[in-house]
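Engineer: Attaching a single structure in C-alpha cells format; questions to follow.
Every number here is computed from the coordinates shown, using simple stated rules; none is lab data. Remember, predicted model here, so these are calculated numbers, not experimental data. Cβ atoms come from the backbone with ideal geometry, glycine included; neighbour counts cover every protein chain shown.
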Amino acid sequence: MIANYHTHTIRCRHASGSEREYIETAISRGVKLLGFSDHSPQLFPAGYYSNYRMFPEETGNYFETIRSLADEYRSDITILAGLEAEYFPELFDSLIEFLTPYSPDYLILGQHYIDNEYDTRRYSGNPNSDESALKRYVDQTLEALGTGKFSCFAHPDLINYTKSSSVWEREMRRLCEGAKRLGVPLEINLLGLSEDRHYPRADFWRIAKETGNEVILGCDAHQPERVAVPGELEKAKAFVDALGLEPLETLELIPPCK
C-alpha cells in the first residue's frame, strides 16, 4: 500500500494511539502517504454533542498537530490533514464555512446516518428493511458527492438493507452510476473486511466493476497497528482479484474549502 487516506485519532473517542505512532507504523510498512481523516466536527443544534467525532473546539489542535508532524517527517513520508465528514444537508454549508480557516487537504464522505445524526439518528449500518431509508441513503450520498467537496466515498456499502435483493441492486446501481458520473472513487473498507462486517459486500463491488467505478483501499485505522496490516492487505488483494477490480494507488484530492 503506497497511500492510505482513512486514518483516525483519539479525538473521535473510539480510536487510540498518538498521531506519531500511526506515522511510525506507516513508515515501517512502506506507506509513502498517510492521510489523517478523523471524524469531522459538526456544528449541531445547541445541546447536542456527538460522542463519536471530534468537538469543534478540538479542530485547531487537530490541524496544528498533524501539520507539525508533517513538517517533522517530510523527508520520510507525506502527511495530509483531511477529515471524514457526514453530509447533513441543513448543516453542510456551515461546516464548510467553519473548516475554511483550517484549509483541510481533503474530505472523504462517510455517511453513517440517514438524514442527520441529532434527531432521526437512523444509523446506516443497522439492519433495516425500509425501502424509503435505502433510497434516502442513495439520494443523500449522491447529493453529497454532487457538492464537489469530497475526494472519496468511504464504505459506500455501509447501508444495511436486508429485504428485497432486486430493490437493493437497483439502488446500489444508481449509487455507483452516480458516483461514476461525478468522478468520485469508492473505498473498499479494510476495517470491515478484516472484521468480517456486513461490508464490503462482494455483490456491491460487482456492480461497481460493471459500472466502471474507480476504487481505492482504505484502512479506516483506529489504532496505529491497523495501518497497512500485511495480512489485511493480502485479504484485500484476494477480494479485489476475485472481482477483477484494480484499485487506485493514490487519490486526486479536492481541497474542499477553496
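Engineer: Of Lys32/Lys237; Lys163/Lys209; Lys135/Lys237; Lys149/Lys180; Lys163/Lys237; Lys149/Lys258, which pairs sit farther than 21 Å apart, going by alpha carbon to alpha carbon? All intermediate terms of the calculation are to be shown ahead of the outcome.
Structural biologist: On the way: Lys32/Lys237 19 Å; Lys163/Lys209 23 Å; Lys135/Lys237 31 Å; Lys149/Lys180 15 Å; Lys163/Lys237 30 Å; Lys149/Lys258 9 Å.
Among Lys32/Lys237; Lys163/Lys209; Lys135/Lys237; Lys149/Lys180; Lys163/Lys237; Lys149/Lys258, the Cα-Cα distance tops 21 Å for Lys163/Lys209; Lys135/Lys237; Lys163/Lys237.
Engineer: Now for a different question. Sort Cys219, Cys12 so that the residue with the fewest other Cβ atoms within 10 Å of its own Cβ comes first and the one with the most comes last. Please report the intermediate quantities before stating the final value.
Structural biologist: Values: Cys219 27, Cys12 18.
Ascending number of Cβ neighbours within 10 Å: Cys12, Cys219.
Engineer: Also, quick follow-up: For q values of 0.18, 0.19, 0.30, 0.31 Å⁻¹, compute log₁₀ I(q)/I(0) with the Debye formula on a Cα-only model of region 201-258, without solvent.
Structural biologist: Log10 I(q)/I(0), no solvent term: -0.76, -0.82, -1.23, -1.26.
Engineer: Something else: For the chain, what ratio Rg/Rh do Cα atoms give with a Kirkwood hydrodynamic radius? Kindly include the intermediate steps, with their values, before the conclusion.
Structural biologist: On the way: Rg = 17.3 Å, Rh = 18.4 Å.
Taking Rg over the Kirkwood Rh, I get 0.94.
Engineer: Output the relative contact order of region 106-258, whole-number percent, from Cα pairs under 8 angstrom with separation of 6+ residues.
Structural biologist: Details: 235 pairs, mean separation 38.0, N = 153.
Once divided by the residue count of region 106-258, the mean separation gives 25 percent.
Engineer: What is the P(r) of region 147-258, as percent of Cα-Cα pairs per 10 Å bin from 0?
Structural biologist: Spelled out per bin, shortest first, that is 14, 45, 33, 8, 0.
Engineer: Put one equal scatterer on each alpha carbon of region 1-94, apply the Debye formula with no solvent term, and list log10 I(q)/I(0) at q = 0.10, 0.12, 0.20, 0.24 1/Å to two decimals.
Structural biologist: Rounded to two decimals, the profile gives -0.28, -0.40, -0.94, -1.23.
Engineer: Using alpha carbon centroids, what distance separates region 47-106 and region 185-202, in Å?
Structural biologist: 24 Å
Engineer: Additional query: Normalised by the residues of region 3-243, what does the relative contact order come to in percent, with Cα pairs under 8 Å and at least six apart? Spell out each step's value before the answer.
Structural biologist: Working: 419 pairs, mean separation 49.6, N = 241.
So the answer I get is 21 percent.
Engineer: Next up: Per residue, how big is the convex hull of region 79-212 when only Cα atoms are used? Give it in Å³.
Structural biologist: Details: hull volume 15.3 nm³, N = 134.
Considering the Cα atoms of region 79-212, their hull volume per residue is 114 Å³.
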